[in-house]
1. Contact order normalised by length for the stretch 1-51, with contacts defined as Cα pairs under 8 Å and 6 or more residues apart; what percent is it?
2. Given 0.36 nm per residue, what is the gain on full extension from Met150 to Arg90 after removing their alpha carbon distance, in nm?
3. Beta carbons within 10 angstrom, averaged per residue: use that to sort the peptides 135-146, 33-44, highest first.
4. Show the residues, 5+ positions off or on another chain, whose built amide H is closer than 5 Å to the amide H of Arg29.
5. Mind checking the full-extension length gain between Glu132 and Tyr187? Use 0.36 nm per residue of separation minus the Cα-Cα distance, one decimal, nm.
6. Compare the peptides 53-62, 8-17 by average per-residue count of other Cβ atoms within 10 angstrom and give them in order, highest first.
7. R0 = 35 Å: FRET efficiency of Gln20 with Met176, Cβ-based, nearest 0.05?
8. For Gly109, what residues show an amide H to amide H distance below 5 Å, using hydrogens built from the backbone and excluding near sequence neighbours?
Amino acid sequence: MENIDVMVLRSLRNWRLAGQRALLATVVRTWGSSPRPIGSIMALCETGAVVGSVSGGCIEDDLIYRFTQAYASAQTSGETAVIPSGAPQRVKYGITADEAHRFGLPCGGTLELLLEFDPDAKQLDQLVLSLEQGKLMQRSTMIADGSVSMQVSDSPTELSIDEVQLVNTFGPEYRMLLIGAGQLTEYLATM
């Protein structure tokens, strides 16, 4: 089974290599109940194609609507596309009870996303190739301008974000090999 992050990053890379506009959304904070954990990612292409998930569907629908409508309206009016570009943006969903209900967030939860617009295709290609080789990679995104740096990591770390940068680690996931058909193995396998 392939890691979902690799699938998301590969699709994003392919869209960008084809010259399509796209964004990468990362869950950077949650409050209350959250359908997806911190570090979850999704990619959205200007065509409306989506891979990955940041909320199980409700937030994805809003992002698709906002960004594909912006692109379509710019195309028909002959204006420059109004999809944001440049520095990443932070977006919060579920701040009010009405908003949490409208977007289907469970138990009034709130989540914050970091949206990166048009990530560099060559850097994405390097990242995907490293991940396909089984390397653990740390990707750092500067909040001020969206510039990205990457390096091989020795161990997985939790996502971290501050006013300066987002640091996320991608790579092989831990797996547990269960040997034997005893009661303890059966219990662990069904958890």
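Laboratory data are not the source of any read-out in this text; all were calculated from the coordinates shown. The shown structure was predicted, so the numbers you read here are calculated from the model rather than taken from an experiment. No Cβ is skipped: glycine too gets one built from the backbone with ideal geometry, and neighbour counts run over all protein chains shown.
1. That works out to 38 percent.
2. Contour length minus the Cα-Cα distance gives 19.5 nm.
3. The most tightly packed comes first, giving 33-44, 135-146.
4. Residues meeting the amide H criterion: Glu112.
5. Extra length available between Glu132 and Tyr187 comes to 16.6 nm.
6. Highest mean packing first, the order is 8-17, 53-62.
7. 0.35
8. Result for Gly109 returns Ser33.
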